[in-house]
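Encoded as structure tokens, the structure appears first; notes follow it.
The values are calculated or read from the model by the stated rules, or taken from the named source; none is laboratory data. The shown structure was predicted, so the numbers you read here are calculated from the model rather than taken from an experiment. Cβ sites come from the backbone with ideal geometry, for glycine too, and all protein chains shown count toward neighbours. Areas reflect the complete protein model, heavy atoms only, side chains present, ligands, DNA and RNA absent. Shrake-Rupley method; radii C 1.70, N 1.55, O 1.52, S 1.80 Å.
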Amino acid sequence: MNLKNIIFGFLVLLYIINFADAVTKTALKNNQPGNYQSWNTDSNWQPTGVPQTGDSVLISINGTNVRLDTNVDLLDFIIGNSGAQVILGASENIKASQVVTQLGGALIFLNDTPSTNPSKTIEVTTEYFDVYGTVIFDYGTNYTFVPSTGKGIYLNQNTNSAFENRGDLVIQTKIQTDPGTYFNNLGDILIYGDFEPWFQGQTLLTENSSTTIVTTQRTVNLGIFQMKESSTMTLTNTLISGLDGKFFAIEGSTLNMMNPLFNKSDPNTHVYFAFTDTSLGYFINSKINLDGIYTQIYVDTLLKLENSELVTNYTILIKDNAQLYLNSSSVETTGFTFLQINGTMVGYDSRILIKDNYFGLWDDSMANFYNSTVDIIVAEDLVEYTILGLFNTSQLVLREHSKLLLDGVFIVYDTAQLGFISSNLTVLDSLFFRGDSLGLMASGSYVDIQGYLLCDQNSYLIVNESDLLVTSNLTFFDTSTFKFIKSNVNIEGVFIFSNTEFLYISYIMGSNIDVNGFFENAGLIKMSESFLSVYLNFTTHGYLESTNSTTVVEDGLFYISGNFKGSNSTVQVNNGKVYVEKESDFTCENCQFVILNGNFVQGENAMINLTNTFFYNENGIIEANGVIQLYGGGIDNSGMFILHNDIIPNNDQVIVRNNGTFVIKGQNSSHVYAPFVNNGKVEVNQDTDFNNFNQESGKTELNGTTISSGQPITINGGNVEGSGQINGTVENNHGAVGGSKPGTITITGNYTQGDGGKVVITVDGSESSQLNITDTASLNGTLVVRIDKDTIESNNETKSTPVISFNNSQGTFKKIQVVIYDKKSGEEVEVNNDCKVKTEQTSKSYNILLTPSDDRDICKPSSSDSTSNITSSSTKISRNAIIAIVVSIGGTAIIICAIYYLKHKTSGQILRAKLKKLISINNN
């Protein structure tokens, strides 16, 4: 026989000896209704005598009320019987192998000395402290269920049994409540020990009560758990509410849960605050403080907070159709938060602060917030290890003026959706959309991307009736797209759209886009009813389509290296530069292109096709290196227009108007097939073919080049000057051919000069202007001869210079002006000597004869006719020279005279005589 068996036998023997004389005492009903009968009265018991140690006590007669006012040590202690209404009032220590309060029985613990509130104990050594009826610890009591070898407190099923504490109660034994039972605390309860509290009935903590559970096991609620009236519950382990369990906390109650062994990096220290299996947690005006506690909300469970707070430093996991519902409440966690498998979080007028490196929604989980604030912030010491985002088919949606702050790398992946309806998003770090995910900002939302927003793969970003501010980077890669609808998009940083698959279209519709930074398009963007402002750089390498929209380049660069197609749109350059790269295509129909300042550059071989479109250059610089095709509309230049190529219209209704400077230059010839109207300056630096050239004012300058036209070139004002060739008919109605510098212009065709027209001949030393007309010159108007002052004063020989030649002529100049000009001072003086000059139509040329002379009276004043004269002036010709303009017969006469003078060295007087004779002949 081993030692263990010997000890066991000895204990059994002692038990037999101690309880060999044990009897069962039954309380008799000797009391008046509502009064207690004394425990210590012998006559109150059957058999007679007060129960002794080891006796069994039965209080079962209906209506019996017994007051226990002494310590007892019993075998069995049975209160009540089926149908019997009995009460045991106890105020001392109780010890028994089992204590049973039967249905209809009541065990009430009283305090006989409220002023001292002494501590009492209850010890059940073998079986349960069984409750089928009612157990009450009254106000002022102070009882402890001490640890023992018994089975603990047990509220039995389906008996409506009740356990209520109104005083101070310590439970150091197991406790279990069955469904249909009631466990109420109106005072203070401390439950602690190495056991698992198990609540399956209805648990009520009320009236400023305090409930503390300290165990090394979990606390389980499978019934109804209620906290109200500013009650407090403190757990150092976990509370699990599951299997249709319900947990209510209302009216300012507080739930504190602590795990003193908590170590975030050690999974073995995890303990749980859990709601599972269709359970319900309901907190109203309450607080939940969780320290090192793993919050689990599982399987069709609802955890609801109304005007309440949940503060935790560890994980919140919501999954399997479970829901966390917040109304005017707050959740603050420094641990990770996950939603999975249709887990749901809903918040109204609430605040959520997640300060950790893990936040995620998976599967088909969903979070919806209304007029709430959500801050997701990565802890500084956890920045390198972060997972923040939405995955699978999950959704996070903020509505009704909610706010989301993301301070970490946040990913929206797979087919997940991140949405904002009348709400705000602030991204301090990075937001990524990947896979087939969707980002939606709608109905007055405001999105501030202070860090990076990146969309790639096949993700989709929609901004509808909202404001998007990108102060850093917004980038689209792969086949990702966007749609801006009736929104304001301000790009302070970088916007890159690099979707090169033209099957995937991005849209800007009814929106205002301000590019204060860099906008690059390499994909297909369609813009309609929108306003695009470029302050720094807008570059499109792909396809940009503008319909009923306005693009304004305030400053910086608008760079087109792909395709730009406009319809009923306006492109305006207030400053900065528009550059259409070589091989690119710029097309606009029913548009306006306005350059107020800045530059527009068309690259080599870039096509500009304008249909019913007007191209206005107010004060900028346009450089066209490619072909400009005009199908209606036209070009109106008041700044600088540099043409290196061709302008091709589709009809004669298209007009090119120049009010500024129009420069034609390049390595090859140019063609301007649209009617060209000049009121500014045209510099022709390469051969140019005009369909129709009309100058109303300004100047056309030939720089050794040729202009051609199938239609008459009309000069209604201004000058045509320089050196070059004009192929075609020239009609000079009210302008001037020739300018302030000597130059040779050859007209291959007919020249007609009206009454208001002029030919300007400038003589500067050995150089002089020449006008050569290969066909007929129909002359009228004025011949102006400009002679440099130094040329006159330095002249000491007779010079004859041909200045106008033609094949045939009609008419003659009605007026000849002689102007002496000073190159140094810019002063010009008109000379007039009333010499009568007549012309004949047989002449082939006009020459200027310049000869020395001391005779200032070469021309006598007279009343000449108005058809042809040298203008009158008080200024005299220099004494060193005589100017003879020989007309009609002057071609032959002056050449003979000049040759004669040179060969025979005719004296000055003989030459003067010949000139007088020539003048006399002309006068006759």
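The strands (runs of 3 or more DSSP E) found wholly in region 734-786 and carrying at least 2 residues that are over 16 Å from Glu721 (Cβ atoms) and open to solvent by 10 Å² or more (accessible area, probe 1.4 Å) occupy 770-779.
Entry remark, region 26-45: residues being crowded, with 19+ Cβ neighbours inside 10 Å, more than 23 Å from Phe137 (Cα to Cα) and aliphatic (A, V, I, L, M) number 0 in total. When Ile608, Ile635, Ile642 are checked against the criterion of being on the phi < 0 side of the Ramachandran plot, part of a strand (DSSP E or B) and surrounded by fewer than 23 Cβ atoms within 10 Å (Cβ to Cβ), Ile642 stands alone in meeting it. From the list Asn590, Asn563, the one residue that fits, being without any contact (Cβ under 8 Å) to a residue 40 or more places away in the chain and either at positive phi or open to solvent by less than 30 Å² (accessible area, probe 1.4 Å) (or both), is Asn590. Note on region 108-137: residues that are surrounded by fewer than 18 Cβ atoms within 10 Å (Cβ to Cβ) and either on the phi > 0 side of the Ramachandran plot or in a loop (DSSP other than H, G, I, E, B) (or both) amount to 11. For region 329-348, the set of residues classified as open to solvent by less than 30 Å² (accessible area, probe 1.4 Å) and without any contact (Cβ under 8 Å) to a residue 60 or more places away in the chain consists of Ser329, Val331, Thr333, Thr337, Leu339, Gly343, Thr344, Met345, Val346, Gly347, listed by residue number. Quick check: anything in region 39-59 without any contact (Cβ under 8 Å) to a residue 12 or more places away in the chain and outside any loop (DSSP other than H, G, I, E, B)? Looking for residues that are without any contact (Cβ under 8 Å) to a residue 12 or more places away in the chain and outside any loop (DSSP other than H, G, I, E, B), one finds at least one in region 39-59, hence yes. Determine whether Val578 is in contact with a Gly (Cβ under 8 Å, 6 or more places away or on another chain), aliphatic (A, V, I, L, M), assigned to a strand (DSSP E or B) and closer than 26 Å to Asn619 by Cβ. Criteria met by Val578. Residues that are over 22 Å from Ser445 (Cα atoms), assigned to a strand (DSSP E or B) and open to solvent by 40 Å² or more (accessible area, probe 1.4 Å) do occur in region 507-519.
Return yes or no: is Ile804 of a type in the set (A, V, I, L, M) and either within 60 Å of the chain's Cα centre (by Cα) or modelled with pLDDT of 60 or more (or both)?
Values: of a type in the set (A, V, I, L, M): yes; either within 60 Å of the chain's Cα centre (by Cα) or modelled with pLDDT of 60 or more (or both): yes.
The answer is yes for Ile804.
Could you please give the count of residues in region 219-229 that are open to solvent by 10 Å² or more (accessible area, probe 1.4 Å), over 48 Å from the mean Cα position of the chain (by Cα) and within 19 Å of Thr276 (Cβ to Cβ)? Residues flagged as open to solvent by 10 Å² or more (accessible area, probe 1.4 Å), over 48 Å from the mean Cα position of the chain (by Cα) and within 19 Å of Thr276 (Cβ to Cβ) within region 219-229 amount to 2. Summed over region 531-552, residues that are outside any strand (DSSP E or B), farther than 25 Å from Asp478 by Cβ and open to solvent by 10 Å² or more (accessible area, probe 1.4 Å) total 3.
Listed here are the residues, each with its yes/no results for (1) crowded, with 16+ Cβ neighbours inside 10 Å; (2) under 27 Å from Pro118 (Cα atoms); (3) out of contact with any Asp or Glu (no Cβ under 7 Å at 6 or more places or on another chain).
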| residue | (1), (2), (3) |
| --- | --- |
| Pro47 | no, no, yes |
| Asp69 | no, yes, no |
| Leu88 | yes, yes, yes |
| Lys95 | yes, yes, no |
| Gln98 | yes, yes, no |
| Gly104 | yes, no, yes |
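Does Phe558 satisfy the criteria of being at pLDDT 90 or above and among the aromatic types (Phe, Trp, Tyr)? Answer is no for this residue. Checking the stated criteria, Ser148 turns out to be hydroxyl-bearing (Ser, Thr, Tyr), in a loop (DSSP other than H, G, I, E, B), touching a strand residue (DSSP E or B) at 6+ places or on another chain (Cβ under 7 Å) and closer than 24 Å to Trp198 by Cβ.
For the condition assigned to a strand (DSSP E or B) and either within 16 Å of Leu438 (Cα to Cα) or open to solvent by 60 Å² or more (accessible area, probe 1.4 Å) (or both), Phe482 qualifies.
Here is a yes/no grid of residues against (1) free of Cβ contacts under 8 Å to residues at least 12 places away in the same chain; (2) more than 24 Å from Leu361 (Cβ to Cβ); (3) open to solvent by 50 Å² or more (accessible area, probe 1.4 Å); (4) not polar (S, T, N, Q):
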site	(1), (2), (3), (4)
Met258	no, yes, yes, yes
Thr269	no, yes, no, no
Leu290	no, no, no, yes
Tyr298	no, no, no, yes
Thr312	no, no, no, no
Ile316	no, no, no, yes
Asp320	no, no, no, yes
Gln323	no, no, yes, no
Leu326	no, no, no, yes
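Of all positions in region 156-170, none carries a residue that is at pLDDT 90 or above, among the β-branched types (Val, Ile, Thr) and surrounded by 22 or more Cβ atoms within 10 Å (Cβ to Cβ).
In region 649-711, which strands (runs of 3 or more DSSP E) lie fully inside it and hold 3 or more residues that are open to solvent by 50 Å² or more (accessible area, probe 1.4 Å)? Reasoning before the result, please.
Values: elements: 655-658, 661-664, 670-672, 676-678, 681-684, 688-690, 693-695, 699-709.
Ranges flagged: 699-709.
Just one of the listed residues (Thr206, Thr211, Thr232, Thr216) is surrounded by 21 or more Cβ atoms within 10 Å (Cβ to Cβ) and of a type in the set (S, T, N, Q), and it is Thr211.
Between Gly728, Gly698, the distinction of being farther than 17 Å from Tyr751 by Cα and in contact (Cβ under 8 Å) with a residue 12 or more places away in the chain belongs to Gly698 only.
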